[in-house]
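The values are calculated or read from the model by the stated rules, or taken from the named source; none is laboratory data. Treat the numbers as computed from the prediction; the structure is a model and nothing was measured. As a convention, Cβ positions derive from the backbone with ideal geometry for all residues, glycine included, and neighbour counts pool all protein chains shown.
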Amino acid sequence: MILQQKNRRCKPPLFLFLLSIFCLNIALGQQKKLTIIPATEAIKINSDAMRINEKSSERITDSRLTTKSGITLKAGIAQAINSEREESDIAFRIRIPTAGHYTIYTNAVTDAEGAQLMKKAKSKFESLFMRIQFGDKRGTKRVVYVPWDRPVQHTGIFDLPAGEQDVKIWLPRGVRFEYVQIQKYVAPKVPTAAASYKPSVSPPSSRPRLWVNQETLPMVKKNLLDPEHAPIWNKLKDDALKPFPLVFDPNEEMSYNVDLEKAMELKAFYYLMSGDRKIGREAIDLTKAYLSHVEFGNILDITRELGRAIYTAALVYDWTYDLLSKEEKENLVKDFMRLSMDMEIGWPPFRTNILNGHGNEAMVNRDFLAMSIAIYDEDPVPYQYVSYQILEDLVPMRRFEYQSPRHNQGIGYAAYRFAWEMHAAWLYYRMSGQKVFDDNITSMPSYFMYMRSPAGEMLRDGDGFASGKAGEPFYWKSPQVMFLMSTYGRDPIVKGEFLRHGQLNNPTMFLLLNDPTLKAEPSLNSLALTKDFGPILGSMVARTGWNIGPDSDDVVAEIKGGGYHFGNHQHADAGAIQLYYRGFQFGDIGLYRFYGTPYDMGFNKRSVSHSVMLAVDPNEKYYRSDVNDGGTRFNQRAPRSQKEVESDPWFHNGKVMATAVGPDPKQPYYSYFAADLSSAYSEKMLNYTRQFCFINTGRKDIPAVIVLTDQMETKTPAIDKYWQIASLNKPELTANGFVLHNSLNGRVGKTHVSILSPSSGYDVNVLSDSMTTNVFGKQLEVPETPLAEGKGHRTLVSHQSKEKTNHYLTVFQVCEGNSSPLVLSQEKSGNVDLIYIGDDLLVASSAKEINEKFGFKNNRRNSKAILTGLKPGKWILRRGKRVMAEKEVSAKERTAYFELDRAGAYSVEMK
């Protein structure tokens, strides 16, 4: 290891120093106005109270600013946020009443130059930065404007001495700066229950504690020699033994350094495995230098990088504990606490919710938990607070939620956030030998496997995209979450899935947790083709096979609805359906780029970007958006407990009425799902049910058929109802519906959509180009993207007559290339719809529960009848007067299936 501080700058003679101060005062304006910071209140220092450097900056007026005036760099003046010039662009003087931590905010808007930069920005790293310096402290770069509409920025928490001091600011080009707000930092309040909490699980007195303990350490060491581990261990050893050169200037802030953090972790782990004290000391010295000088700034979500530094240092602290002196432990604990205050959840860790949002990420589940376990002997309070959050809030909530083995935040955020929960599960388990999470957490891998499309990308769910560029085959990967799930649940199928995801890129975690005796199962064929996800996040995924790859001709369909809505990245998509066959046929056409933009809140997260039903009440107002799309209620608020979820109607997202698969549960011919979605909508909705029946035909030319039934009753006839399908490609209209299409590797797949009800008196409107994101008169701008969703289409079907209740019955036939769909015919038997699909398929359906006798004709032998939406009880099938079969229909399934071996007239009735 090479650890070296750059020499401090030579100090100039006193008279030159005084002369520079004199000249600087002239340059910055006349008299220094003093702003006294109150002890308890926030104060704004507006631009008119600041001195400007007239060589570089000027005052401007701007109606967007609260005071209508601000300061900006002059035309042609280069920014100096990296110490390019010593004179600041702005300065003002403050008096701090008492030494301590103070929170700083700024307000600024962009000019034409800045607006153009922000329009081109593709990530948070292209934000606009200023440089700010308090007194003689190190200057620091901080975000002053971001690529979305948020003029006020949280600059950070600063430790300021008492007394008078100058504040200097160097501006970036492109901003008009208005004010700085300063206020005394207020730590998050500790809940009363947390203040007296006694964790049921505590760290052992022995070391190590993180990811391994005294009991499991011999096993981990032994596994290093296993053929599955040895190559990784040998590479880690080579990297750990290499010196890491660390050169830094103590007068300048040190940016976070991922390579340095990796070196710290590898060296500490190598010491733990080998006992090499020299390498252990290198890990400690690097950690001490890094934690005492690193600054993370205020860029969006910097808490993730900040937390990783805390976590890595905690590993070093625990794994090299016997090498640390008392003074080193004390200093490292102080650095832990200093850095913890800047975390988004704050310290103590109660500023935000641990159940959802950023609070559900690494901050508590990995970073603070690891830190609190590591320093437990020196300070047990952090572990007390962290364990209260996890064991008393998170664990009970997930026990409830994971009754449905899928994540409410969607595929992308599930892979990220659920991985941190798995960190917590593993950290507690390896520390104590106790599994603190409910066993249903081990069922979560099914979500990621069933949402896999035949080509390898993922079905859409929540914010973010699990795909490549338009039309290109793409295999979505998240090795970390698959690894943690496969090791924790000891599931060979999940381990096989992990291996398909590729390299973990975390050698220490792999060597600590992987069990080389658990052999991976590469095939998914032992899994059932249909997954019912249960009542909490009601949904069903049905597929025709487990062939994954660019040449797959399998079909996958999903319907969701019923259960609860948990806000944040979860979409307003109750009732949404999607279908994949040789590419996406229909589904979700929203794009996630920046959170909270008008497009994000008005289209991407909303019902209108999905294949759902819309009911437009012109008087309806939506939460956090002025766009009225006619969809379900728009919820961005996360619940804080199971009790709140179940008791507050705000979170109710409909109710699963029935689910059934059969006759073979592993390879079902039919998969049925029905939901009452009334409560997902506002009070405009009196009743709405959607029923979905997926039929796996076993044919190559027409591999699947979907029958969809919608019955919607609104408060008044004036509320316009629209049955909508969102697709990547423009549909072709036909006499009784439309045809969708997509292709994969040159192979075309089509979906023939037949509108059986209404049989007449309806309109079909296809919205494309800019009209796709024109939401009933409100135009939204689509972000630039190479993805096909950026040029999607919306097909809306509506009744011409305005009535309170409208009924839709549609059939989707998935067809290979130019193959002709099966012949459809429809009959009515009382209130029951009889749908004849080709020669040997029949589906009986109704908008309401079927509780009456009905009949149908079978024109050939060896046909099949699927009866859905039946009232629970015993049903009798007769041919003529002869009883052919009896079927007990359960409340859960509400479905009966019969194989008919003879032609003739049949009747069905309750016994």
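So which of Ser127, Ser57, Ser47, Ser83 ends up being on the phi > 0 side of the Ramachandran plot and either surrounded by 13 or more Cβ atoms within 10 Å (Cβ to Cβ) or touching a residue at least 60 places away in the same chain (Cβ under 8 Å) (or both)?
Exactly one residue qualifies, and that residue is Ser83.
Considering each of Thr98, Thr103 in turn, give the residue that is part of a loop (DSSP other than H, G, I, E, B) and either under 17 Å from Ile182 (Cα atoms) or in contact with a Cys (Cβ under 8 Å, 6 or more places away or on another chain) (or both).
Going through Thr98, Thr103 in turn, the sole match is Thr98.
Those residues that are farther than 18 Å from Trp476 by Cβ and either in a loop (DSSP other than H, G, I, E, B) or in the same structural domain as Phe474 (by TED's automatic domain parsing) (or both), I need them from the stretch 544-563; list them, please.
Listed by number, the residues that qualify are Thr544, Gly545, Asp553, Val555.
Quick test for you: out of Ala557, Ala576, pick the one residue that is buried (at least 20 other Cβ atoms within 10 Å of the Cβ), in contact with a Phe, Trp or Tyr (Cβ under 7 Å, 6 or more places away or on another chain) and of a type in the set (A, V, I, L, M).
Among Ala557, Ala576, only Ala557 is buried (at least 20 other Cβ atoms within 10 Å of the Cβ), in contact with a Phe, Trp or Tyr (Cβ under 7 Å, 6 or more places away or on another chain) and of a type in the set (A, V, I, L, M).
Do we find that Arg894 is over 22 Å from Ile702 (Cβ atoms), in contact with a Gly (Cβ under 8 Å, 6 or more places away or on another chain) and either touching a residue at least 24 places away in the same chain (Cβ under 8 Å) or hydroxyl-bearing (Ser, Thr, Tyr) (or both) in this structure?
In short, yes.
Among the residues of the stretch 330-338, is any assigned to a loop (DSSP other than H, G, I, E, B) and more than 14 Å from Pro382 (Cα to Cα)? Before you say what the answer is, go through the steps one by one.
Within the stretch 330-338, the first condition is being assigned to a loop (DSSP other than H, G, I, E, B), and the residues that meet it are none.
No, that holds for no residue.
For the stretch 264-306, which residues satisfy the criterion of being of a type outside the set (Lys, Arg), assigned to a helix (DSSP H, G or I) and more than 20 Å from Asn331 (Cβ to Cβ)? If you could, list the steps in order and put the result at the bottom.
Narrowing the stretch 264-306 to residues of a type outside the set (Lys, Arg): 264-266, 268-276, 279-280, 282-287, 289-303, 305-306.
Next, only the ones that are assigned to a helix (DSSP H, G or I) stay: 264-266, 268-274, 279-280, 282-287, 289-293, 303, 305-306.
Those that are of a type outside the set (Lys, Arg), assigned to a helix (DSSP H, G or I) and more than 20 Å from Asn331 (Cβ to Cβ): Leu266, Phe269, Tyr270, Leu272, Met273, Ser274, Ile279, Thr303, Glu305.
Of the residues that make up the stretch 830-847, is at least one among the aromatic types (Phe, Trp, Tyr), without any contact (Cβ under 8 Å) to a residue 40 or more places away in the chain and under 30 Å from His741 (Cα atoms)?
yes
Right, Ser446: assigned to a helix (DSSP H, G or I), among the polar types (S, T, N, Q), within 26 Å of Gly549 (Cβ to Cβ) and modelled with pLDDT of 95 or more or not?
Details: assigned to a helix (DSSP H, G or I): yes; among the polar types (S, T, N, Q): yes; within 26 Å of Gly549 (Cβ to Cβ): yes; modelled with pLDDT of 95 or more: yes.
Answer is yes for this residue.
Among the numbered criteria (1) closer than 28 Å to His358 by Cβ; (2) in contact (Cβ under 8 Å) with a residue 40 or more places away in the chain; (3) buried (at least 16 other Cβ atoms within 10 Å of the Cβ); (4) in contact with a Leu (Cβ under 8 Å, 6 or more places away or on another chain), which single criterion is violated by Ser200?
Condition not satisfied by Ser200: (3).
Any chance you could count how many residues in the stretch 772-791 are free of Cβ contacts under 8 Å to residues at least 12 places away in the same chain and exposed (fewer than 14 other Cβ atoms within 10 Å of the Cβ)?
First pass over the stretch 772-791, keeping only residues free of Cβ contacts under 8 Å to residues at least 12 places away in the same chain: 774, 777, 779, 784.
In the following step, the residues that additionally are exposed (fewer than 14 other Cβ atoms within 10 Å of the Cβ) were identified as 777, 779, 784.
Of the residues in the stretch 772-791, 3 are free of Cβ contacts under 8 Å to residues at least 12 places away in the same chain and exposed (fewer than 14 other Cβ atoms within 10 Å of the Cβ).
When you check Ser801 against the structure, is it without any contact (Cβ under 8 Å) to a residue 24 or more places away in the chain, part of a loop (DSSP other than H, G, I, E, B) and out of contact with any Leu (no Cβ under 6 Å at 6 or more places or on another chain), yes or no?
Criteria not met by Ser801.
For the stretch 503-543, how many residues are among the charged types (D, E, K, R) and either outside any loop (DSSP other than H, G, I, E, B) or in contact with a His (Cβ under 9 Å, 6 or more places away or on another chain) (or both)?
3
State all residues of the stretch 231-260 that are modelled with pLDDT of 95 or more, outside any loop (DSSP other than H, G, I, E, B) and either exposed (fewer than 14 other Cβ atoms within 10 Å of the Cβ) or of a type in the set (Val, Ile, Thr) (or both); if no residue qualifies, say none.
Pro231, Ile232, Asn234, Lys235, Asp238, Val258, Asp259
Which residue out of Asn653, Asn687 is farther than 14 Å from Val843 by Cα and surrounded by 24 or more Cβ atoms within 10 Å (Cβ to Cβ)?
Just a single option satisfies the conditions, and that option is Asn653.
With the requirement that a residue be surrounded by fewer than 22 Cβ atoms within 10 Å (Cβ to Cβ), out of contact with any Lys or Arg (no Cβ under 8 Å at 6 or more places or on another chain) and under 20 Å from Ser83 (Cα atoms), what does the stretch 135-157 give you?
Gly135, Asp136, Lys137, Arg138, listed by residue number.
Mind checking whether some residue in the stretch 290-313 is free of Cβ contacts under 8 Å to residues at least 60 places away in the same chain, crowded, with 16+ Cβ neighbours inside 10 Å, under 27 Å from Tyr385 (Cα atoms) and more than 34 Å from the chain's Cα centre (by Cα)?
Among the residues of the stretch 290-313, not one is free of Cβ contacts under 8 Å to residues at least 60 places away in the same chain, crowded, with 16+ Cβ neighbours inside 10 Å, under 27 Å from Tyr385 (Cα atoms) and more than 34 Å from the chain's Cα centre (by Cα), which makes the answer no.
Give the residues of the stretch 767-785 that are aliphatic (A, V, I, L, M) and outside any helix (DSSP H, G or I), sorted by residue number. Explain how you work it out, then say what you get.
Filtering the stretch 767-785 for residues aliphatic (A, V, I, L, M) gives 767, 771, 775, 780, 782.
Selection gives Leu767, Val775, Leu780, Val782.
Could you tell me whether Ser671 is assigned by TED's automatic domain parsing to the domain that holds Gln779, outside any strand (DSSP E or B) and in contact with a Phe, Trp or Tyr (Cβ under 7 Å, 6 or more places away or on another chain)?
no
Write out, first by first residue and then by second, each pair whose Cβ atoms fall under 6 Å of each other, whose residues are 6+ apart or on separate chains, and whose first residue, in the stretch 130-156, is part of a loop (DSSP other than H, G, I, E, B) while the second is aromatic (Phe, Trp, Tyr).
Between residues of the stretch 130-156 that are part of a loop (DSSP other than H, G, I, E, B) and residues that are aromatic (Phe, Trp, Tyr), the close pairs are Trp148/Phe594.
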